[in-house]
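Structure first, then comments.
The values are calculated or read from the model by the stated rules, or taken from the named source; none is laboratory data. Bear in mind that the values here come from a model prediction, so they are computed numbers and not experimental data. Every residue, glycine among them, receives a Cβ derived from its backbone with ideal geometry; neighbour counts consider all protein chains shown. Surface areas here come from the heavy atoms of the whole protein model, side chains and all, with no ligands, DNA or RNA. Shrake-Rupley method; radii C 1.70, N 1.55, O 1.52, S 1.80 Å.
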Amino acid sequence: MVILQAAGGSIFISYLQEAALQALLWFVPCLCFIIADLATGITAAKHRKEKISFSTAARRTITKCVCYLSWILGAVTCGIQFHSKMTCFFMMALVVVIEATSVISNWFEPKGVALSWKGVFNLLGEKFGLKNLGECVKEKEE
């Protein structure tokens, strides 16, 4: 029984080590986007004349890191199980899109410019030949 437990534990540790290493490699670019979002977010908050505290910024950044790392770890383990790197690629693309959107909107805010989702969808629709894609976003009626 001890030999079986040792063999099973060794296989499990090897699997976890491989998954953790791959997740860490996929997480490094995410960390760059998270730091960029932190920097532009601080600038945008100063522009809005909000009180900026180290603890709030650190808590939000750490929460974002843990969340994205768990997403990537899930994608890596699925990729290992299904022998595909595409799950990691799609999860990384999702994280990059989320963070890039945040960075861009935080960067534009102090300049007095807002990101228009309708304009983004119109641009994508023109680029890929899809008509009326900009109508996916409607103005909120009050």
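Things to note:
- Verdict on PHE27 being open to solvent by 70 Å² or more (accessible area, probe 1.4 Å) and of a type outside the set (Val, Ile, Thr): no
- Among the conditions (1) of a type outside the set (D, E, K, R); (2) modelled with pLDDT of 90 or more; (3) within 27 Å of CYS78 (Cα to Cα), GLN22 misses just one, which is (2).
- Sole exception among (1) open to solvent by less than 30 Å² (accessible area, probe 1.4 Å); (2) touching a Leu at 6+ places or on another chain (Cβ under 8 Å) for VAL95, by number: (2)
- Hits in the range 44-58 (condition: surrounded by fewer than 13 Cβ atoms within 10 Å (Cβ to Cβ) and in contact with an Asp or Glu (Cβ under 9 Å, 6 or more places away or on another chain)): ARG48
- Per-region count, the range 1-24, residues open to solvent by less than 70 Å² (accessible area, probe 1.4 Å) and farther than 19 Å from LEU69 by Cβ: 5
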